[in-house]
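Following: one structure in structure tokens, then a few remarks.
The values are calculated or read from the model by the stated rules, or taken from the named source; none is laboratory data. The structure presented is a predicted model; accordingly, all values stated were derived computationally and were not measured. Methodologically, a virtual Cβ is constructed for each residue, glycine included, from the backbone with ideal geometry; neighbour enumeration extends over all protein chains shown. In case anyone asks, the SASA skips ligands and DNA or RNA and just uses the protein heavy atoms, side chains included. Shrake-Rupley method; radii C 1.70, N 1.55, O 1.52, S 1.80 Å.
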Amino acid sequence: MEAILAVILCMVLVDTLIRGLISYSAFDRRQTQTLRTILEVGLQVIGLLVIVLVIFGPPHQTATILGLLTAALAIALQEYILAFFGWFSLAGKNGISVGDMVEINGVCGEVIEIGLMNTTLLETTGLQEKGEPTGRRISLLNSYAIHGTCFNFSGEGQWLWDEITITVPADADVYAIAKSVEDTARNETADSARHAEQEWNRSMPSTSLNRISAAPIVMMRPSVSLVDLATSIEIQVRYVTHAVGRYELRDRLYKHVIQMLKDQEHISPPQQTNPAPA
């Protein structure tokens, strides 16, 4: 009986010590509450096991029993163990922070909370869309930091290739339109392309012979409408932009194209004149 009371007294003292230490931690309120819950539950489980051992005595083949128990707990709590260690990875240099725009295992959103076991996102539409909030909160176990995929689009160096596609009639001045759109894309993305090239080439081995170029790329291909069998030309322009402002840049390029096509409608074709007789 004295041994059980001693165990309970030790549990109370350790619990008081845990509460005192956590009160001075640098975590936020919810992280502190999560950590305290985990430590208190662990303390209670250990205390219960010690009391059981005091009452019934040590079991036979203790090493085998402890090994099987440890293996069973590791298998049952595998995701939570990975989530716990994933939190340390997220808190590191290459981790994420509150306010970052990320894509975790195919889920896009803004990070609104990073807990000891979970990361909470305010979901947004995907990269191919506008990226507007859907209003849903999604909680993901931090195990994705170990065996999942996470893309952070809020830090520096987050460049991506975007594109616009324009369909013009085959009898239009296709080369002039393509050249105008390419020039506009080149002017709009000059700074982004320069910074992207510097970062990409800096990350490559010094012995590499191939240097990465971020200049806009123009591709043209014929297209036939299945409705009226009319032939048209598709002009596709690919360019490098930062992930944060890609939609604004795309809108500016489309506005330029629309204005350019309107201006061409008001330009009358040159009149053919018959040569004067000799």
Of all residues making up segment 245-261, the number that are at pLDDT below 80 and open to solvent by 80 Å² or more (accessible area, probe 1.4 Å)
0
Can you tell me how many residues within segment 156-165 are part of a loop (DSSP other than H, G, I, E, B) and open to solvent by 30 Å² or more (accessible area, probe 1.4 Å)?
2
Among the numbered criteria (1) surrounded by 10 or more Cβ atoms within 10 Å (Cβ to Cβ); (2) modelled with pLDDT under 65, which single criterion is violated by Gln271?
(1)
Residues satisfying the stated conditions in segment 30-51, i.e. hydrophobic (A, V, I, L, M, F, W, C) and at pLDDT below 75:
Leu35
Within segment 71-96, residues more than 12 Å from the chain's Cα centre (by Cα) and assigned to a loop (DSSP other than H, G, I, E, B) come out as Leu77, Ala91, Gly92, Lys93, Asn94
Give just the number: which of (1) at pLDDT below 85; (2) not in a strand (DSSP E or B) does Val168 not satisfy?
(2)
Confirm whether Gln61 is on the phi > 0 side of the Ramachandran plot and at pLDDT below 80.
yes
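Conditions (1) under 12 Å from the mean Cα position of the chain (by Cα); (2) within 30 Å of Leu249 (Cα to Cα); (3) surrounded by 14 or more Cβ atoms within 10 Å (Cβ to Cβ); (4) modelled with pLDDT under 85, marked per residue:
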site	(1), (2), (3), (4)
Gly106	yes, yes, no, yes
Ile114	no, no, yes, no
Met117	no, no, yes, yes
Thr120	no, yes, yes, no
Gly126	yes, yes, no, yes
Lys130	no, yes, no, yes
Thr134	no, yes, no, yes
Arg137	no, yes, no, no
Cys150	yes, yes, yes, yes
